[in-house]
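The values are calculated or read from the model by the stated rules, or taken from the named source; none is laboratory data. A quick note: this is a predicted structure, and the numbers were derived from the prediction, not measured. Cβ: placed from backbone, ideal geometry, glycine included. Neighbour counts: every protein chain shown. What goes into the accessible areas is simple: the full protein's heavy atoms, side chains included, and nothing from ligands, DNA or RNA. Shrake-Rupley method; radii C 1.70, N 1.55, O 1.52, S 1.80 Å.
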Amino acid sequence: MTRYVLKRILLAIVTIWVVATLTFFLMNMIPGGPFLSEKAISPQATAALEAKYGLDKSLWEQYVTYMNGLLHGDFGLSLKQRGRTVLEIIVTKFPVSAKIGGMAVLISLVLGVSLGCIAALHQGKFWDRFISVFATLGIAVPGFVVCTLLSYVFGAKLKLVSTLGLSDWTSYILPVTAIAFYPTSYIMRLMRSSMLDVLGQDYMRTAKAKGLSGTKQLFKHALRNAILPVVTYVGPMLAYTIVGSFVVEKIFVIPGLGGSFITAINGRDYTLIMGTTIFLATLVILMTLVVDILYKIIDPRIKYD
Amino acid sequence: MSEEYLVNIEHEKLSFFTPAGEVKALNDVNIHLRQGEVLGIVGESGSGKSVTAYSLIGLTADPGKLISGSLYFNGHQVDQMTEKEMRKIRGNEISIIFQDPMTSLNPVYTIGNQITEVITLHTNKTKEEAKARAKELLELVGINEPEKRLKQYPHELSGGMRQRIMIAIALACEPKLLIADEPTTALDVTIQAQILELMMELKDKLGMSIIMITHDLGVVASMCDHIAVMYAGRIVEYGTTDQVFYEPKHMYTKGLIRSIPRLDTDEHQRLIPIEGTPVDMLNPPKGCPFGPRCEACMKICLKQNPPITEFDDTHYTYCWLQQKEAMERLAADSSAKSSGGGEA
Ligand SMILES: Nc1ncnc2c1ncn2[C@@H]1O[C@H](COP(=O)(O)OP(=O)(O)O)[C@@H](O)[C@H]1O
Ligand code: SF4
Ligand SMILES: [Mg+2]
């Protein structure tokens, strides 16, 4: 177990390095630069700024300097937000995103798993059909369409919830719903088919033959087996949630990391782009590791190697 | 009257209402079994062996419905019982083991967990006591290092070992009846013999009854007191093991016996498999269901289902041929009697 975790952490470091390197060079291939659009600045001033941030050096030198800083835990200064370090920005923005993303992930899991189970247990009957139609819609309709529709109907028309910023708790409803919509539907479908598969397994017949109650059969014997595909999906779901938050935070004007990331890309805030990318990559890799360990705990057939 | 039997199934009719139509899986099935007896149910795949057994333990699969008949077991009228009442006797007074030990245990729980579960469910034993009992059970079914096995998962054990575990689970609450649904079909030949031997040993030790389901008459013959031969949802012949083996009456039984591989006969004697395909249960043939495959099939066989012919208290069959022979014998008897030379 410890050996397995150490191996995975080593692999994670290599992955993060590859991600950082790729982002660094790809980012520099985008036309434009951080100080080009600011008309008021004279060419001399631009040159001075570039010299200050080391942008006048060769790309290779810049890369070595950045990586060296990174090794010492230094993400550098933001190029556009004067006087603020990248780390500072991430630390203030991330909790906002984490709150919305975390709620969305939790809701997707709870709703997806329970509705998927209900559908499987009512196979072919009303609730199964109802849930399946809902799931198909959720998978087919893109997230931003859902966002726009939701904010139009519930915000602009019915004025039930706030659609801008995060004022009170109701302002969380729409962004969380928008992010959770697709994963909930996907998990529902996943859970339904996996539960149907498990319910037909021989060991379920054994459980019944023992005289166990329906609830015990379901919660002890079926659920733990049926949930395995859902656990596998948690990794991709996290990535989806992060990307989804970029759009959603932009639309609902939420001061989170996703919105800040898009602003950074548009403004060619190189250090902030790098910092955010590395941070998110690390987050996904760590969560995937946690999920993999969880999977091994749930399913004893999986070996550590 | 039924009190003398542990199991008494009378005139059971059971159908599966599938989208394609009604499958009459059981047609007037009668089974009775005394405490401590072993009944073999033999027949090819799809003949209704499992359906018969499952209906007795309340495991009939979903589109299946009992149409009529009476199912009695150990003081319970099973066909009248609610699911909640059935749960109390399942795994407790009546247990079942299945064909495939590889898939019958839950892969995500330890052996210990799966054995103690049934003990704590049906008894007042504490967790510790249940664990001690589980260890005892593993020893009983001949598993070495029980302490270690309790902590292992199903995938860490062989098929034969897993079937022993299934037997341990089934016997945990000392049931009156053990149903074994083709318990060795999925196992190697040598393991097969070991498992059957174990079951017989435990039967003698615990005094339970066994319903042994098999499609292979040769394998179980030596351990059964009675044998019921099933074909297309009917018991076509029923008798003591000797009667069925040495005086088979139904053409299907005769075919079955001819198709058993024998080690003691000379090598030139070939096996004779039964020709033809099993009955399509959605559209069963008119008359005797075995008719289309029967080498002795007569005109009447294709028109009318044969009535019962009883040879004595324990031996009966449904075959027109026996009816004819019975009638001839009857005629011969009566003519002998009328001529005054009848035997006592
Ligand atoms: N779940 C089911 N749905 C529909 N028909 C079934 C079902 N289970 C069994 N049957 C029918 O009952 C017949 C007997 O099945 P079964 O008792 O399992 O045969 P076997 O003698 O091989 O154990 C089969 O031929 C099949 O047509
Ligand atoms: S009733 Fe007729 S068809 Fe059926 S087994 Fe007897 S002889 Fe053969
Ligand atoms: Mg069967």
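How much mean residue ellipticity at 222 nm does chain A get from its helices, if each DSSP H run of length 4 or more adds -39500 (n - 2.57) and you divide by all residues, to the nearest 500 deg cm²/dmol?
-24000 deg cm²/dmol
Two decimals is fine: what is log10 I(q)/I(0) at q = 0.17 Å⁻¹ for the stretch B:148-285, from a Debye sum with one equal scatterer on every Cα and no solvent?
-1.08
What angle do you read, to the nearest 10 degrees and between 0 and 90, between the alpha-carbon axis of helix A:270-298 and the longest principal axis of chain A?
Between helix and principal axis, roughly 20 degrees.
Rounded, prolate or oblate: which fits the stretch B:126-189, taking a ≥ b ≥ c as square roots of the Cα gyration tensor eigenvalues, rounded meaning a/c under 1.5, else prolate when a/b beats b/c?
Since a/c reaches 1.5 but b/c is at least a/b, the shape of the stretch B:126-189 is classed as oblate.
Could you order A:Lys250, A:Lys157 by accessible surface area, starting with the largest, using a probe radius of 1.4 Å?
Ranked from most to least accessible, the order is A:Lys157, A:Lys250.
Across 10 Å bins from 0, what is the distribution of all Cα-Cα pair distances for chain B, in whole percents?
Over chain B, the share of Cα pairs per 10 Å bin runs 5, 23, 30, 24, 12, 4, 1, 0 percent.
Round to a whole number: what % of the accessible area of the protein assembly as shown belongs to carbon and sulfur, probe 1.4 Å?
Ligands and nucleic acids excluded, carbon and sulfur reach 61 percent.
Given the -39500 (n - 2.57) contribution per DSSP H run of 4+ residues, what per-residue ellipticity at 222 nm results for chain B, rounded to the nearest 500 deg cm²/dmol?
-10000 deg cm²/dmol
Can you list the lysines whose alpha carbon sits under 18 Å from that of A:Lys52, skipping same-chain ones fewer than 8 residues off?
A:Lys80
In whole Å, what is the distance between the alpha-carbon centres of the stretch A:89-119 and the stretch A:175-253?
Cα centres, the stretch A:89-119 to the stretch A:175-253: 14 Å.
From other protein chains only, count the Cβ atoms within 10 Å of every residue's Cβ in B:84-95, then give the mean.
Mean inter-chain Cβ contacts per residue within 10 Å come to 3.
With axes computed from alpha carbons, what is the tilt in degrees of helix A:228-251 against the longest principal axis of chain A, rounded to the nearest 10 within 0 to 90?
With rounding to tens, the tilt is 40 degrees.
What is the Cα coordinate range of chain A on the first, second and third principal axes, sorted by size from largest, in whole angstrom?
Dimensions of chain A along the principal axes of its Cα atoms: 83, 57, 29 Å.
How compact and how long is the protein assembly as shown, expressed as Rg and Dmax of its alpha-carbon atoms in Å?
Over the protein assembly as shown's Cα set, Rg and Dmax evaluate to 36.1, 141 Å.
Take chain B, connect every pair of alpha-carbon atoms lying under 10 Å apart with a spring to form a Gaussian network, then pick out the residue of B:Met200, B:Met327, B:Met281 with the largest mean-square fluctuation.
B:Met327
For A:Lys125, go through the lysines and keep the ones whose alpha-carbon is under 20 Å away, minus same-chain ones fewer than eight residues off.
By straight Cα distance, A:Lys125 reaches B:Lys65.
Quick one: of A:Lys210/B:Lys176; A:Lys216/B:Lys24; A:Lys303/B:Lys135, which pairs are farther than 24 Å apart, Cα to Cα?
Violating the 24 Å Cα-Cα cut-off are A:Lys216/B:Lys24; A:Lys303/B:Lys135.
If ligands, DNA and RNA are left out, what is the accessible area of A:Lys52 with a 1.4 Å probe, given in Å² to the nearest 10?
For A:Lys52, solvent-accessible area is about 140 Å².
On a 0 to 90 degree scale, rounded to 10, what angle separates helix B:111-122 from the longest Cα axis of chain B?
Roughly 80 degrees, rounded to the nearest 10.
Just read off the accessible area of A:Asp299 with the full protein assembly in place, 1.4 Å probe, to the nearest 10 Å².
Rounded to the nearest 10, that gives 10 Å².
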